[in-house]
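The structure appears below as structure tokens.
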Amino acid sequence: MDKSKLESVQVQTLGKEAADKIRNAIASGHFPAGARLLETELSRELGLSRSPLREAFFLLEKEGLLVRHPRRGAFVRGLSRRETEEIYSLRTVLESLAVRRAVERMTPEAAAELRARLDRLHEAALAGDLEGFGRADVAWHECLIQVADHRLLQQTLFGLQTRVLQYMTEASRSRPLVDIVRDHEELLAALLSGDADRAEASIKTHVLASAARLLADLPEAIRDSESSEVE
């Protein structure tokens with residue numbers, strides 16, 4: 001006898017949608033580290049009941065973006081210096097794997113998409129749009145990971161990028177954005193060269209430079225995790 005199969009879920013839950021909106025607000029700096037997220041206000045702004053909002057808080061807490069305390073509520077987590085160093089050291093390893101796979105799997109269509117996303121990064125730089133620049137930066141790296149064709153790698157790197165995007169945006173203030181675009185142009189050239197060793201060396205330089213800029217330029221934002229636990 002054939003077993004009946006469950007139908008696949010096609011509709012995104014309200015809690016997941018709320019988590020996406022709050023995550024983007026954290027990434028853009030709208031909710032800074034240490035900010036308290038009030039259920040009443042967010043329910044009104046998002047047009048949701050408390051139940052999906054609490055689901056969103058649970059998802060974001062699992063990602064490490066929020067910390068929740070009984071009777072005090074949910075707060076945006078800060079980054080400790082150690083956590084920042086660990087995130088970027090892990091990104092170096094993972095993105096090195098990604099670029100080697102991407103070099104092997106590069107197609108004319110993938111190269112065109114990477115160039116198009118680089119153009120959007122350049123446009124945001126010329127406009128001085130820091131938030132847009134941060135989003136375009138992440139989008140470019142996401143495209144690179146898609147070319148690498150490694151689903152678990154993509155999921156892992158997405159979580160790491162989300163964790164630091166709000167700080168990356170602020171750290172970009174200390175360096176001309178067009179210089180960061182130039183770094184991406186050099187990385188793209190290495191990817192399209194077909195030389196995996198060159199591409200790996202380029203991504204390591206790029207990620208480590210980002211880490212150094214973040215740690216050097218944002219000491220006030222690199223907080224111990226306890227600092228987000230507002231008394």
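The numbers here are math on the coordinates, done by the rules we state, and not lab data. Source: prediction; values computed, not measured. All Cβ positions, glycine included, derive from the backbone under ideal geometry; neighbour counts span all protein chains shown.
If I filter the range 100-156 down to residues being part of a helix (DSSP H, G or I) and β-branched (Val, Ile, Thr), which single residue comes out as nearest to residue 24 (Cα to Cα)? Steps first, answer last, please.
To start, the set of residues in the range 100-156 that are part of a helix (DSSP H, G or I) comprises 100-105, 108-127, 130-148, 151-156.
Next, from what is left, pick out any that are β-branched (Val, Ile, Thr): 103, 138, 145, 147, 156.
Numbers: 103: 30, 138: 12, 145: 20, 147: 24, 156: 18 Å.
This residue is 138.
So which residues in the range 70-99 are assigned to a helix (DSSP H, G or I) and of a type in the set (Gly, Ala, Ser)?
Within the range 70-99, 89, 96, 98 meet the criteria.
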| request: For the range 61-88, name all the residues that are touching a residue at least 12 places away in the same chain (Cβ under 8 Å), surrounded by fewer than 16 Cβ atoms within 10 Å (Cβ to Cβ) and not charged (D, E, K, R). | output: 69, 73
